[in-house]
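Structure first, commentary second.
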Amino acid sequence: ANITLTDFNETVCSASRGACATQPSGGSSVEVLSFRIMNQPIYRVLPSYNGLVFCFTVNAGSNTAGIRWVELKNTGSGWTKNQESTWHPNTNHHFMPSMAYDANGNIALAYSTSSTSTYLGVRYTARKTCDPLGQMTLAESVLKDGNAISSGSRWGDYNHLLADPNVNNLWMVSMYGKSGASGGKGSYITQFRVSP
């Protein structure tokens, strides 16, 4: 089936290889890879439906990276778009996203963020199954703040969010701007829950 999404602009800026996400103190901008689905779509069998979530970086306006996220559902008669929206809660760049379901069907979205006043770090948002469609209702929350400028333009294309198979924990592996690390790049692995 062909499933239509709301129009979007995948070009965040005109920089080579999409190096659009800024850093503080004149640090080089990093690549947002806006023309790819990041990471692979996540499929989950839930009690009343099968679900599929995926996300990718778009231009959220003024050459700023935001995240288009999508959920598809199949209740037994084929796949349809259940909801979609663009996540861009403030003036920072939001990019290198990854989505996942927990065991209750809640959805989390984790990603890199940066700006001219915010070091490269890791943040997330989420929504519960009972929330209004098309909304991430959890305010942006910090998983790891950066504390240094990263050298070079490559960034975090292995970011990945995945549900723990036994409980409702979600695990995120990602990068952040780390003082003292080679190239100012540090790896970070953490877990969180959408709800208690």
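The values are calculated or read from the model by the stated rules, or taken from the named source; none is laboratory data. What you see is a predicted model; the values in this text were computed from it and never measured. A quick note on method: Cβ atoms are made from the backbone with ideal geometry, for glycine too, and the neighbour counts reach across all protein chains shown. For the accessible areas, the whole protein counts, side chains as well, though only heavy atoms, and no ligand, DNA or RNA atoms are used. Shrake-Rupley method; radii C 1.70, N 1.55, O 1.52, S 1.80 Å.
Shown are M136, M172, whose ranking by accessible area with a 1.4 Å probe and every protein chain present, most to least, is M136, M172. Couplings for region 171-186, taken from phi via the Karplus curve 6.51 cos²θ - 1.76 cosθ + 1.60 with θ = phi - 60°, read 10, 10, 10, 6, 10, 8, x, 10, 5, x, 7, 4, x, x, 10, x Hz in order; Gly and Pro are left as x.
Candidates T129, S153, F35 compared by Cα position along the dipole of the chain: farthest toward the positive end lies S153, with charges placed on Cβ. Extension gain, R154 to K81, is 23.0 nm, computed as 0.36 nm per intervening residue step minus the present C-alpha separation. Cysteines in the chain lacking any other cysteine Cβ under 4.7 Å from their own Cβ: C55, C130.
Per residue, the accessible area of region 143-196 comes to 50 Å² when a 1.4 Å probe rolls over the protein heavy atoms. If you take all other residues with their beta carbon under 12 Å from the beta carbon of F192, and give Lys and Arg +1 and Asp and Glu -1, the sum is +1. Of all lysines in the structure, the ones whose alpha carbon falls short of 30 Å from that of K144, not counting any fewer than 8 places away in one chain, are K128, K178, K185.
Counting only residues at least eight positions apart within a chain, or on another chain, the aspartates and glutamates with an alpha carbon under 14 Å from that of K73 are E84. Against the criterion of solvent-accessible heavy-atom surface with a 1.4 angstrom probe, I42, I189, I37, I149 sort, most first, into I189, I37, I149, I42. Would you mind telling me the share, in percent, of accessible area of region 39-195 contributed by carbon and sulfur at probe 1.4 angstrom? Heavy-atom surface of region 39-195 belonging to carbon and sulfur, 1.4 Å probe: 48 percent. The residue among T57, T75, P47 whose Cα reaches farthest toward the positive pole of the charge dipole of region 1-125, with charges on the beta-carbon of Lys, Arg, Asp and Glu, is P47. In the complete set of protein chains, residue-level accessible area for H160 is approximately 40 Å², probe 1.4 angstrom.
Phi angles of region 38-46 translate, via the Karplus equation with coefficients 6.51, -1.76, 1.60 and θ = phi - 60°, into HN-Hα couplings of 10, 8, 5, x, 10, 9, 9, 8, 10 Hz per residue; Gly and Pro are given as x.
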